[in-house]
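Encoded as structure tokens, the structure appears first; notes follow it.
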Amino acid sequence: MAEKQAAEEEKDPPYDQLELRFQRGFLAGRRVADLPWKDLEQTLKISKDSSSLLAILQKTVLHPLCLKYPPSVNYRRHFLSELIKQHECTAAEPLDELYETLGDVLNSEASAHCYKSFILPSGDAVTVRENVAIISQGTTGLVTWDAGLYLAEWALEHPFVFTNRRILELGSGTGLTGIAICRTCHPKAYIFSDYHQRVLEELSENIRLNGFFLQCECYSLGRAKCRCHEAELAELHGPCVTVAELDWNLGTKEQLAEFRAEVVVAADVIYDPNVTKSLVAILQRLLTCTDAENLPEIYIASTCRNPDTYCHFQRTLEDVGIRWEVVPGPQKNFFPYNRSTKITIMKFLL
């Protein structure tokens with residue numbers, strides 16, 4: 001029901017929000033074809049001038065966030081070409097700003113990296129640097145995936161799950177989900193984790209880019225000092241943020257116990273049967289590394305791309321005695337992603 005309502009709202013939006021919808025989709029790098037061009041066509045037919053085009057240009061390519069953290073050159077070129085096409089279908093006077101901006105973009109040097117910015121309900125943004133290629137350096141962890149956005153939306157609606165608690169994220173990738181949680185849900189501590197060295201480097205940069213103090217050596221302080229330090233950080237700088245290298249095949253119960261996680265989250269980590277075995281093994285250790293009274297809450301958001309892979313994951317959980325339940329997804333849509341794709345959030349239990 002929530003997905004149907006969201007789709008209807010996107011299909012028939014109020015026109016006074018059109019430029020903000022373009023901004024939201026453009027800054028997040030949504031497919032150019034998926035932006036609300038048909039609604040713009042109708043607006044141009046009614047207005048008979050270029051004011052709406054200029055407003056969209058100012059909210060997107062010329063927005064300060066885009067100028068500082070730009071999407072890829074190819075993406076901006078494609079977007080501007082479509083905007084110019086829309087303009088040329090009207091009888092309005094030429095809009096020099098459009099062509100000048102396109103010229104500037106065409107003269108820009110292409111890069112293997114780009115930025116995506118996601119607008120929070122508060123109006124602030126979470127910005128992450130990504131690779132232009134989906135698969136790079138042997139990993140898919142250098143781009144943001146839909147289930148990460150879905151989980152971030154769910155967290156925004158359920159801040160009490162995270163507030164003043166220690167959070168461990170498995171397979172953090174670009175860090176979008178965790179940064180959004182740190183920005184809005186006020187956790188005591190947040191441990192981002194991954195195992196690919198390049199992903200860990202990019203993840204650390206994205207955390208710093210969003211203004212968080214990275215406490216790399218928090219655990220070396222010892223448990224008592226670390227807790228005291230977390231309290232100081234929470235008061236002065238927000239949550240104690242750590243990036244940890246965690247191989248699901250090698251992580252021991254002792255290492256996991258040191259994290260003292262009260263909540264564990266992950267997104268888009270169920271995509272390969274070979275990875276599934278390692279994921280279930282780390283979940284087992286997380287659920288048995290502490291006493292029953294201190295078991296963490298575990299939530300995993302998954303895009304159901306391949307039903308066989310998803311069913312294999314469920315069977316593997318059953319084989320080791322881990323139970324789960326599907327929790328209701330977010331009711332409101334804050335981030336642009338493909339909402340026609342089936343995404344679920346599972347909560348795990350012993």
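The values are calculated or read from the model by the stated rules, or taken from the named source; none is laboratory data. Bear in mind that the values here come from a model prediction, so they are computed numbers and not experimental data. A quick note on method: Cβ atoms are made from the backbone with ideal geometry, for glycine too, and the neighbour counts reach across all protein chains shown. In case anyone asks, the SASA skips ligands and DNA or RNA and just uses the protein heavy atoms, side chains included. Shrake-Rupley method; radii C 1.70, N 1.55, O 1.52, S 1.80 Å.
When you look at Ala261, is it in contact (Cβ under 8 Å) with a residue 60 or more places away in the chain, assigned to a loop (DSSP other than H, G, I, E, B) and not basic (Lys, Arg), yes or no? Lay out the reasoning, then the answer.
Numbers: in contact (Cβ under 8 Å) with a residue 60 or more places away in the chain: yes; assigned to a loop (DSSP other than H, G, I, E, B): yes; not basic (Lys, Arg): yes.
Yes: the conditions hold for Ala261.
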- Return the residue satisfying two criteria in turn: it lies in region 66-84 and is outside any helix (DSSP H, G or I) and open to solvent by less than 30 Å² (accessible area, probe 1.4 Å), and of such residues it is farthest from Gly29 (Cα to Cα). Ser72
- Message: Looking only at region 301-343, count every residue that is open to solvent by less than 20 Å² (accessible area, probe 1.4 Å) and part of a strand (DSSP E or B) and tell me the total.
- Response: 4
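Condition test on Arg285, is it at pLDDT 90 or above, basic (Lys, Arg) and surrounded by 15 or more Cβ atoms within 10 Å (Cβ to Cβ)? Reasoning before the result, please.
On the way: at pLDDT 90 or above: yes; basic (Lys, Arg): yes; surrounded by 15 or more Cβ atoms within 10 Å (Cβ to Cβ): yes.
Criteria met by Arg285.
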- Query: In this structure, is Leu44 assigned to a helix (DSSP H, G or I), open to solvent by less than 20 Å² (accessible area, probe 1.4 Å), out of contact with any helix residue (DSSP H, G or I) (no Cβ under 6 Å at 6 or more places or on another chain) and farther than 30 Å from Glu205 by Cα?
  - Reply: yes
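Here are Leu279, Leu246: which of them is under 22 Å from the mean Cα position of the chain (by Cα), open to solvent by less than 10 Å² (accessible area, probe 1.4 Å) and over 21 Å from Lys188 (Cβ atoms)? Steps first, answer last, please.
On the way: Leu246 fails: over 21 Å from Lys188 (Cβ atoms).
After ruling out the rest, the residue left standing is Leu279.
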- Item | Pairs where the first residue, in region 312-323, is within 12 Å of Leu283 (Cα to Cα) and the second is open to solvent by 60 Å² or more (accessible area, probe 1.4 Å) and in a loop (DSSP other than H, G, I, E, B), C-beta under 9 Å, 6+ apart | Gly321/Leu350; Ile322/Leu350; Arg323/Leu350
- In region 292-318, what count of residues is obtained for those that are within 22 Å of the chain's Cα centre (by Cα) and at pLDDT below 95? 6
- Would you be able to say whether some residue in region 58-65 is β-branched (Val, Ile, Thr), part of a helix (DSSP H, G or I), touching a Ser or Thr at 6+ places or on another chain (Cβ under 6 Å) and open to solvent by less than 70 Å² (accessible area, probe 1.4 Å)? no
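Got a sec? Which of Glu97, Glu93, Glu109 is more than 24 Å from the chain's Cα centre (by Cα) and surrounded by 12 or more Cβ atoms within 10 Å (Cβ to Cβ)?
Details: Glu93 fails: surrounded by 12 or more Cβ atoms within 10 Å (Cβ to Cβ); Glu109 fails: surrounded by 12 or more Cβ atoms within 10 Å (Cβ to Cβ).
Checking each option against the conditions leaves just Glu97.
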- Message: Contact list please: Cβ distance under 8 Å, first residue in region 278-304 and free of Cβ contacts under 8 Å to residues at least 40 places away in the same chain and more than 16 Å from Leu246 (Cα to Cα), second residue open to solvent by less than 30 Å² (accessible area, probe 1.4 Å) and outside any strand (DSSP E or B), pairs at least six apart or on different chains.
- Response: Thr290/Ala257; Thr290/Pro296
- Message: Here are the criteria: (1) of a type in the set (D, E, K, R); (2) under 18 Å from Gly148 (Cβ atoms); (3) in contact with a helix residue (DSSP H, G or I) (Cβ under 8 Å, 6 or more places away or on another chain). Tell me which single one Arg323 does not satisfy.
- Response: (2)
